[in-house]
Amino acid sequence: MERPSERIAALRGAIPEGVALLAVSKFHPAGAIEDAYEGGQRLFGESRVQELAVKARELPGDIRWHFIGHLQTNKVRQAVEWASVIESIDSLRLLRAVDAEARKAGKRVDVLLQVHVAREETKFGFLPEEMEAAAVEAAGMEGVRVTGVMGMASNTDDMERVRSDFRKIRGCFDALKAGVMSGREEFAVVSMGMSHDWREAVECGSTLVRIGSDIFGERV
Ligand SMILES: *Cc1c(COP(=O)(O)O)cnc(C)c1O
């Protein structure tokens with residue numbers, strides 16, 4: 001297995017310019033993150049608040065951490081403390097909790113609205129038809145700033161189905177951008193694509209791919 005920094009260099013060569021690379025370091029040790037960091041990577045993703053807090057405390061302060069996991073409301077305070085972007089806003093209840101904690105901390109947190117288009121029952125997120133109302137509510141909040149959308153495709157080998165899911169996610173972004181989010185320059189992120197499907201995601205208009213196992217190996 002190549003080192004994380006080598007895998008990232010190879011990926012950077014393959015991912016088009018203008019598409020950001022989030023290195024998903026969940027379940028991998030600080031040493032692996034340090035190797036990636038020394039290779040120039042600054043954007044890392046974590047899916048558990050406790051793990052994020054431990055790593056953020058011990059690793060360099062110029063790392064930007066994206067929180068990408070399902071966030072329970074009792075963990076919001078810590079997520080707001082350490083994450084520069086919370087990508088996984090999947091309910092109004094969570095959106096309101098993040099707004100409240102951010103205001104308490106005197107902050108404004110960048111968030112993505114997670115949209116649910118995949119086939120699996122277990123995945124979290126707003127339905128496409130719920131996204132507009134969520135964006136409207138967020139627009140009135142002082143503690144959050146909506147900078148885009150995040151989504152996942154169905155977990156299937158049927159790449160046509162995967163592309164169709166990604167087109168729906170991109171479609172949600174475009175609809176908001178043309179509607180309630182029009183004129184908001186910060187609304188610019190379409191986070192979609194993982195190790196096995198980032199090429200399709202980029203083809204369908206991703207601006208941020210979230211890659212874990214392709215960089216760090218299988219999670220233990
Ligand atoms: C774990 C995770 C990823 C990375 O998945 P890989 O298949 O390891 O690349 C991306 N996005 C989310 C939301 C994740 O939880």
Original post:
Taking the radius of gyration and the Kirkwood hydrodynamic radius from Cα positions alone, what is the Rg/Rh ratio for the chain, to two decimal places?
Top reply: 0.95
Subject >> Residue (of A100, M194, V144) at the positive-pole extreme of region 67-220, dipole from beta-carbon charges >> reply: A100
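Quick one: Cα convex hull volume of region 94-140, Å³ per residue?
So the per-residue hull volume is 74 Å³.
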**OP:** Among V180, V80, V146, determine the one that fluctuates most according to a GNM of the chain built with springs between C-alpha atoms less than 10 Å apart.
**Re:** V180
Subject >> Loop-located GluC sites (Glu not before Pro) in region 66-140 whose Cβ has at most 13 other Cβ within 10 Å (DSSP) >> reply: E120, E121
Original post:
Which of the GluC sites (Glu not before Pro) found in region 1-78 are loop residues per DSSP with 11 or fewer other Cβ atoms within 10 Å of their Cβ?
Top reply: E2, E17
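With contacts defined as alpha carbon pairs under 8 Å and 6 or more residues apart, what's the relative contact order of the chain in percent?
On the way: 422 pairs, mean separation 43.3, N = 220.
20 percent.
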Original post:
E34 versus D174, label points 7 Å from Cα toward the beta carbon: distance in nm?
Top reply: 4.6
**OP:** Round to a whole angstrom and tell me the spacing of the C-alpha centers of region 173-199 and region 54-107.
**Re:** 20
Original post:
Under the definition of Cα pairs under 8 Å and six or more residues apart, what whole-number percent is the relative contact order of region 20-93?
Top reply: 28
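Show me the chymotrypsin sites (Phe, Trp or Tyr not before Pro) within region 154-220 that DSSP assigns to loop and that have at most 10 other Cβ atoms within 10 Å of their Cβ.
Sparse-neighbourhood loop chymotrypsin sites (Phe, Trp or Tyr not before Pro): none present.
Tell me, what does the Kirkwood hydrodynamic radius of region 144-220 come to in angstroms if you use every pair of distinct C-alpha atoms?
One decimal place: 13.1 Å for the Kirkwood radius.
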Original post:
What is the magnitude of the charge dipole of the chain about its Cα centre, with +1 placed on the Cβ of each Lys and Arg, -1 on the Cβ of each Asp and Glu, and no other charges, expressed in debye to the nearest 20?
Top reply: 540
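We did not get these values from a lab; they are worked out from the coordinates using the rules stated. Just so it is clear, the model here is predicted, and its values are computed rather than measured. Positions of Cβ are generated from backbone atoms using ideal geometry, with glycine treated the same way; all protein chains shown enter the neighbour counts.
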